[in-house]
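Colleague: First the structure, which I've put down as structure tokens, then a few questions once you've had a look.
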Amino acid sequence: MAEPKLRVLMVSDFFFPNFGGVENHIYYLSQCLLNLGHKVVVMTHAYGNRTGVRYMTGGLKVYYVPWRPFAMQNTFPTVYATLPIVRTILRRERITVVHGHQAFSTLCHEALMHARTMGYRVVFTDHSLYGFADVGSIHMNKVLQFSLADIDQAICVSHTSKENTVLRSGLPPAKVFMIPNAVDTAMFKPASVRPSAADVITIVVISRLVYRKGADLLVEVIPEVCRLYPNVRFVVGGDGPKHVRLEEMREKHSLQDRVEMLGAVPHSRVRSVLVTGHIFLNSSLTEAFCIAILEAASCGLLTVSTRVGGVPEVLPDDMVVLAEPDPDDMVRAIEKAISILPSINPEEMHIRMKKLYSWQDVAKRTEIVYDRALKCSNRNLLERLSRFLSCGAWAGKVFCMVMIIDYLLWRLLQLLQPDDDIEEAPDINFRH
């Protein structure tokens, strides 16, 4: 069997069986990298009884390490407790590049820190936007500044996300690449027979029903649209803390027959829900890059979305109607979308999406970033500590102490169990 070109370890707290944009990104990117001849291994925390090593489609190897999620699918921050298992996986799989995903993934930050201590090349992908004013964002930005002070390259999913990450972390812009998400157009395609919009117009919403996704906006927008257009009905898929508010809105305005609440929708069923509609509504208050919009457009739906974050970069102007995150402006955007609905051709939209977005293209561009990371010089401990000192008068000293302890623990592990004593895992080729 031919030797893999690169050996990549993807690390994040967010992976299957959990569903979301980060999970999909890691999975599809890994599959395409495997097709390009690389070896890809994923490291994430345990999900329920799913622990140990599992294999997914195409031979994608996944380590579900025995850490339980602490809050919002994140593991409890231990700083050093993950060092032995990260070292073992890196040695067993003979990894050359460690690729961490998502700014608020604890496992990602710890793995990147340990990998740099051991001299591995590291790349980080940021999938979210953060503010600068609230207490949570200030602390998160300081953690990000520490974590990214010593990485080789970074990737963001939109130009807006790149600006945000550079400002938050202090990374040189030349180190940060913009590579967008993509969509599996073979999976998300229009219905063979499109539902007629002459009698009933269906507006689909598929989102987590939380504040950040604009669920409160939906509570105000849906009743007004139903009042203006008696032939409009809504299909709402998703679950979350705001589900109760939407149910209350439906009861208050007697819209039980016009607003269908589906609850949580498995990713395998998203396409079947999308093709029942004509318009896709996204009400997010912040978004680095919205994969849901791509999936809807690939199914031939006209999109109405809030003009936030990287959303304006996602689709051409004739495929989306943008609005400010304000109920009145969103109602006007929906009115405009209904008026141009007859001119929308789902098949033509699907073909355009196939040309615009491809996971194969994302993988090839990510390969270039890996090559750039491998060409970076490997700095010794003293050179690395100088980077952390620049992170702040007090924070810099704390970060240096954290890294020195990590380095000493790594050396102690090498004494207790030399690298040569860690058995290498054989490469198994699942692709023919």
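Colleague: Of all residues in segment 100-147 being in contact with a strand residue (DSSP E or B) (Cβ under 6 Å, 6 or more places away or on another chain) and in a helix (DSSP H, G or I), which is nearest to Trp67 (Cα to Cα)?
Modeller: Filtering segment 100-147 for residues that are in contact with a strand residue (DSSP E or B) (Cβ under 6 Å, 6 or more places away or on another chain) and in a helix (DSSP H, G or I), the one nearest to Trp67 (Cα to Cα) comes out as Leu107.
Colleague: Could you go through segment 188-211 and let me know if any residue there is in a helix (DSSP H, G or I), open to solvent by 10 Å² or more (accessible area, probe 1.4 Å) and of a type in the set (Gly, Ala, Ser).
Modeller: The answer is no, given that none of the residues of segment 188-211 is in a helix (DSSP H, G or I), open to solvent by 10 Å² or more (accessible area, probe 1.4 Å) and of a type in the set (Gly, Ala, Ser).
Colleague: Of all the residues that make up segment 10-46, how many are open to solvent by 30 Å² or more (accessible area, probe 1.4 Å), of a type in the set (Phe, Trp, Tyr) and either at pLDDT below 95 or out of contact with any Leu (no Cβ under 8 Å at 6 or more places or on another chain) (or both)?
Modeller: Selection size over segment 10-46: 2.
Colleague: Please count how many residues of segment 53-90 are closer than 19 Å to Glu23 by Cα and aliphatic (A, V, I, L, M).
Modeller: 7
Colleague: Next up: Applying the selection to segment 366-386, what residues are over 21 Å from Tyr407 (Cα atoms) and surrounded by 11 or more Cβ atoms within 10 Å (Cβ to Cβ)?
Modeller: Passing the criteria: Thr366, Glu367, Ile368, Val369, Tyr370, Asp371, Arg372, Ala373, Leu374.
Colleague: State whether one or more residues within segment 88-96 are touching a His at 6+ places or on another chain (Cβ under 6 Å), in a loop (DSSP other than H, G, I, E, B) and open to solvent by 10 Å² or more (accessible area, probe 1.4 Å).
Modeller: no
Colleague: Then there's this: With respect to Val321, determine if the residue is at pLDDT 95 or above, within 23 Å of Met10 (Cα to Cα) and open to solvent by less than 30 Å² (accessible area, probe 1.4 Å).
Modeller: Spelling it out, it is not the case that Val321 is at pLDDT 95 or above, within 23 Å of Met10 (Cα to Cα) and open to solvent by less than 30 Å² (accessible area, probe 1.4 Å).
Colleague: How many of the residues in segment 206-248 are among the small types (Gly, Ala, Ser) and farther than 28 Å from Ser128 by Cβ?
Modeller: Of the residues in segment 206-248, 0 are among the small types (Gly, Ala, Ser) and farther than 28 Å from Ser128 by Cβ.
Colleague: As an exercise: evaluate Ser339 against (1) small (Gly, Ala, Ser); (2) surrounded by 18 or more Cβ atoms within 10 Å (Cβ to Cβ); (3) out of contact with any Cys (no Cβ under 7 Å at 6 or more places or on another chain) and give the number of the one condition it does not meet.
Modeller: Condition not satisfied by Ser339: (2).
Colleague: So the check is Cβ under 9 Å with 6+ separation or different chains; which pairs have a first residue in segment 359-376 that's at pLDDT 95 or above and a second one that's open to solvent by 80 Å² or more (accessible area, probe 1.4 Å) and assigned to a loop (DSSP other than H, G, I, E, B)?
Modeller: Glu367/Lys5
This table checks each residue for (1) touching a residue at least 40 places away in the same chain (Cβ under 8 Å); (2) in a helix (DSSP H, G or I); (3) among the aromatic types (Phe, Trp, Tyr).
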site	(1), (2), (3)
Met249	no, yes, no
Leu255	no, no, no
Glu260	no, no, no
Val265	yes, no, no
Leu281	yes, no, no
Thr286	yes, no, no
Phe289	yes, no, yes
Ala292	yes, yes, no
Ala296	yes, yes, no
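Colleague: In this structure, does Leu274 turn out to be surrounded by 18 or more Cβ atoms within 10 Å (Cβ to Cβ) and either at positive phi or touching a residue at least 40 places away in the same chain (Cβ under 8 Å) (or both)?
Modeller: yes
Colleague: Is there a residue in segment 245-255 that is under 13 Å from Ile203 (Cβ atoms) and either open to solvent by 20 Å² or more (accessible area, probe 1.4 Å) or within 25 Å of the chain's Cα centre (by Cα) (or both)?
Modeller: no
Colleague: Looking only at segment 223-241, which residues are surrounded by fewer than 18 Cβ atoms within 10 Å (Cβ to Cβ) and in contact (Cβ under 8 Å) with a residue 60 or more places away in the chain?
Modeller: Hits for segment 223-241 are Glu224, Leu228, Tyr229.
Colleague: Which condition number in (1) surrounded by 18 or more Cβ atoms within 10 Å (Cβ to Cβ); (2) more than 18 Å from the chain's Cα centre (by Cα); (3) touching a residue at least 24 places away in the same chain (Cβ under 8 Å) is the one that Ile155 fails?
Modeller: With (1) surrounded by 18 or more Cβ atoms within 10 Å (Cβ to Cβ); (2) more than 18 Å from the chain's Cα centre (by Cα); (3) touching a residue at least 24 places away in the same chain (Cβ under 8 Å) applied to Ile155, the lone miss is (2).
Colleague: Can you find a residue in segment 159-169 that is within 17 Å of the chain's Cα centre (by Cα), β-branched (Val, Ile, Thr), open to solvent by less than 30 Å² (accessible area, probe 1.4 Å) and under 25 Å from Lys397 (Cβ atoms)?
Modeller: Looking for residues that are within 17 Å of the chain's Cα centre (by Cα), β-branched (Val, Ile, Thr), open to solvent by less than 30 Å² (accessible area, probe 1.4 Å) and under 25 Å from Lys397 (Cβ atoms), one finds at least one in segment 159-169, hence yes.
Colleague: Look at Tyr357 and say whether it is in contact with a strand residue (DSSP E or B) (Cβ under 9 Å, 6 or more places away or on another chain), open to solvent by less than 70 Å² (accessible area, probe 1.4 Å), of a type in the set (Phe, Trp, Tyr) and under 30 Å from Pro316 (Cα atoms).
Modeller: no
Colleague: Which pairs do you get when a residue that is closer than 12 Å to Thr160 by Cα, found in segment 300-329, comes within reach of a residue that is in a helix (DSSP H, G or I) and open to solvent by 10 Å² or more (accessible area, probe 1.4 Å), reach meaning Cβ atoms under 8 angstrom, with the pair 6+ apart or on two chains?
Modeller: Every condition considered, the pairs that remain are Gly309/Thr160; Gly310/His159; Gly310/Thr160; Glu313/His159; Glu313/Thr160.
Colleague: So, one more: So, in segment 167-187, how many residues would count as being in contact (Cβ under 8 Å) with a residue 40 or more places away in the chain and part of a strand (DSSP E or B)?
Modeller: The number of residues fulfilling the criteria is 1.
The values are calculated or read from the model by the stated rules, or taken from the named source; none is laboratory data. Model, not experiment: these values are computed from the prediction. All Cβ positions, glycine included, derive from the backbone under ideal geometry; neighbour counts span all protein chains shown. In case anyone asks, the SASA skips ligands and DNA or RNA and just uses the protein heavy atoms, side chains included. Shrake-Rupley method; radii C 1.70, N 1.55, O 1.52, S 1.80 Å.
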